[in-house]
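Structure first, commentary second.
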Amino acid sequence: MLVNLNHILPLARKRHYAVGHFNTSNLEITQAILSAAEEMRAPVIIGISEKAINYAGLPIIANLIRTSADKANVPVVLHLDHGATFELIQECVKAGFTSVMIDGSHLPYKENLMLTKKVVAYAHKRNVSVEAEIGRLAGIEDNIKVKKSDAMYTNPAEAERFARESECDALAIAIGTSHGAYKFKGKPRLRIDILKQIAYRVKIPLVLHGASGVKAKWVNYVNKFGGNIEHARGVPDKLIHEAIKNGISKINVDTDIRIAFTAGIREFLLKYHSEFDPRKIIGYSRELIKQVVKDKILLFGSSGQA
């Protein structure tokens, strides 16, 4: 069933688990996410980026997820990931999204606040929840490109003021993660000290972007079948547990899904040289993505919380 963030995230914060946000851009990824969530009896957030909308077409991708979610026996949020403009927010709400993210983190504080308040006023009238962001994550993923020198940690006092004045429903913060597969050059580290301060001040659910694990198991899987992913490093499970324990209620995953998808395609084509049915080829990847999503649900503690 389709719901918004307010239906699932406040309880996650209260019970100290996180709900997984998994990005999709096609049928098979969507099927994998929903199947995993149903098997694990977990609420789930399906994220659509602007680039995914450009790839699939807004009505098509929205209808695909809405139709699938209506048949699901767990709560499902159809969520816009990193919406950049008020106009895009309007289009997505009209297309049936139950939640949107307005990302004004690249703007000066006052401009970010003004834009977020405008989105909140529009969305709340239509029973659509709003995620906002303060602080900037480095890295590249879809249309998100932030140089490491431009990244910044979230200021706890600003986060408190921003959440109160914007009246957003969830707040994405920056504590050391980054978008993409190359998150850390040295030892992986998150600023849990900053998270603790923000969680003490901000009472709405907090969101961690750029949180894919980029596990060696899956990177090696890709490389085993002809890929060339080198020096990729993600967020270790231990740090994910620490983040959830100290206030994170929503965790975004995209890169891990892409890696599993690629691993499946490469393995299938190398093993089955005479096969040319795209349903079998992509269907093989679907099962690997499903396993990744199930692993994340267990890691986040949301299994059985539907």
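The values are calculated or read from the model by the stated rules, or taken from the named source; none is laboratory data. Everything numeric in this text was worked out from a predicted model, so none of it was measured. Using ideal geometry, Cβ is built from the backbone for each residue, glycine included, and neighbour counts are taken over all protein chains shown. In case anyone asks, the SASA skips ligands and DNA or RNA and just uses the protein heavy atoms, side chains included. Shrake-Rupley method; radii C 1.70, N 1.55, O 1.52, S 1.80 Å.
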Among V214, V202, I240 the positive-end extreme of the charge dipole of the range 200-242 (Cβ point charges): V202
0 to 90° range, to nearest 10: angle between helix 58-70 axis and the chain longest Cα axis: 80
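Once the other residues with Cβ under 14 Å from the Cβ of L299 are scored (Lys, Arg +1; Asp, Glu -1), what is the net sum?
Working: positive: K215, K217, K238, K245, K250, K294, K296; negative: D237, E242, D256, D295.
Spelling it out: positives minus negatives among the neighbours equals +3.
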0 to 90° range, to nearest 10: angle between helix 156-166 axis and the chain longest Cα axis: 80
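Report for the chain the percent antiparallel among DSSP-assigned beta bridges with both residues inside it, nearest 5.
Values: 4 of 39 bridges.
So the antiparallel bridges amount to about 10 percent of the total.
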Residue-normalised accessible area of the range 239-306, given per residue in Å² at a 1.4 Å probe: 45
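For the range 1-125, what is the charge dipole size about the Cα centre, in debye to the nearest 20, if Lys and Arg each add +1 at the Cβ and Asp and Glu each add -1 at the Cβ? Numbers along the way, then the final one.
Values: 12 positive and 10 negative charges, 107 e Å.
Approximately 520 debye in magnitude.
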Cα long-axis angle, helix 192-201 against the chain (0 to 90 degrees, to the nearest 10): 50
Cα-Cα over 21 Å, subset of K196/K250; K71/K280; K196/K245; K203/K296; K94/K118; K14/K117: K71/K280; K203/K296; K14/K117
Label assignment, P(r) over Cα pairs in 10 Å bins from 0, in percent derived from the structure, set [x] 5, 21, 20, 14, 12, 10, 9, 7, 3, 1, 0; [y] 6, 27, 37, 25, 5, 0; [z] 6, 29, 38, 21, 5, 1, 0: [z]
The range 25-87, accessible surface, carbon-and-sulfur percent (1.4 angstrom probe): 51
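Rolling a 1.4 angstrom probe over the protein heavy atoms, how many square angstrom per residue are accessible across the range 56-134? Mind dumping the intermediate values first?
Values: 3210 Å² over 79 residues.
Counting only protein heavy atoms, the per-residue value for the range 56-134 is 41 Å².
Classify the range 1-93 as rounded, prolate or oblate, taking a ≥ b ≥ c as the square roots of the eigenvalues of its Cα gyration tensor: rounded when a/c is under 1.5, otherwise prolate if a/b is larger than b/c and oblate if not.
Working: a/c = 2.03, a/b = 1.34, b/c = 1.51.
Here the range 1-93 falls in the oblate category.
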